[in-house]
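Quick notes on the structure that follows.
The values are calculated or read from the model by the stated rules, or taken from the named source; none is laboratory data. Quantities reported herein were computed from a predicted structural model and do not represent experimental measurements. Don't worry about glycine lacking a Cβ; one is built from the backbone with ideal geometry, like all the others, and counts go over all protein chains shown.
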């Protein structure tokens, strides 16, 4: 796909070269999980099936719960058996969403963490920075691919270079992270001798 993005960009005689290059780059971003040990959740049941289950539970509760006032559409009184069962169905639906359809932000964080060979997750600010960069690049490429705007070729080349740098940084292990400003302070503290008193 990356070669396709570069070939499309280089095909200046093609009036749609930027959109085609952007489409390939967007596909790379969408398929990042394939290059990691992380696999996206597999949907166990369709969204339509789960939504219909919830709809049926809603119909049952509004017909059988004494707490539901059909004239005003309001709830009064205590949670009874029918309402309690419906709340259980809502909780099951929310759990289904969390398991099978996580928020994109959470899924991207898991994917970005899985590129790092170190055990455990990366520091939250580092993941947030990477995710923000990825989201911005993805949005830009998606807008170009869908012909929402046609950027100047020079601007697109800069974004393509940024995307390449992002991907290279991502696939290279973070053995030597960016230097921290306080590293010198920490080194100095470690070199100090303990006070004899």
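Points worth noting:
- From 77, 88, residue being out of contact with any strand residue (DSSP E or B) (no Cβ under 6 Å at 6 or more places or on another chain), exposed (fewer than 13 other Cβ atoms within 10 Å of the Cβ), modelled with pLDDT under 80 and closer than 30 Å to residue 53 by Cα: 77
Yes or no, residue by residue, for (1) under 15 Å from the mean Cα position of the chain (by Cα); (2) in the same structural domain as residue 23 (by TED's automatic domain parsing); (3) exposed (fewer than 14 other Cβ atoms within 10 Å of the Cβ); (4) not in a loop (DSSP other than H, G, I, E, B):
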position	(1), (2), (3), (4)
134	yes, no, no, yes
148	no, yes, yes, no
155	no, yes, yes, yes
162	no, yes, no, yes
167	no, yes, no, yes
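- Residue in region 65-75 that is under 37 Å from the mean Cα position of the chain (by Cα) and under 30 Å from residue 107 (Cα atoms) present: no
- Pair list, Cβ < 9 Å and 6+ apart or interchain, from region 47-68 residues that are within 15 Å of residue 95 (Cβ to Cβ) to residues that are outside any helix (DSSP H, G or I) and modelled with pLDDT under 85: 47/101; 53/45
- Flag for residue 125 being more than 18 Å from residue 165 (Cβ to Cβ) and assigned to a loop (DSSP other than H, G, I, E, B): no
- Single match in 36, 44 (criterion: touching a residue at least 24 places away in the same chain (Cβ under 8 Å) and within 30 Å of residue 163 (Cβ to Cβ)): 36
- Being part of a helix (DSSP H, G or I), under 16 Å from the mean Cα position of the chain (by Cα) and outside the structural domain of residue 22 (by TED's automatic domain parsing) is a property that does not hold for residue 55.
- Applying a threshold of 7 Å to beta carbon distances and a minimum spacing of six or more residues, or different chains, the list of pairs starting in region 131-143 at a residue that is under 13 Å from residue 104 (Cβ atoms) and ending at one that is modelled with pLDDT under 95 and surrounded by fewer than 17 Cβ atoms within 10 Å (Cβ to Cβ) reads 131/105; 134/166.
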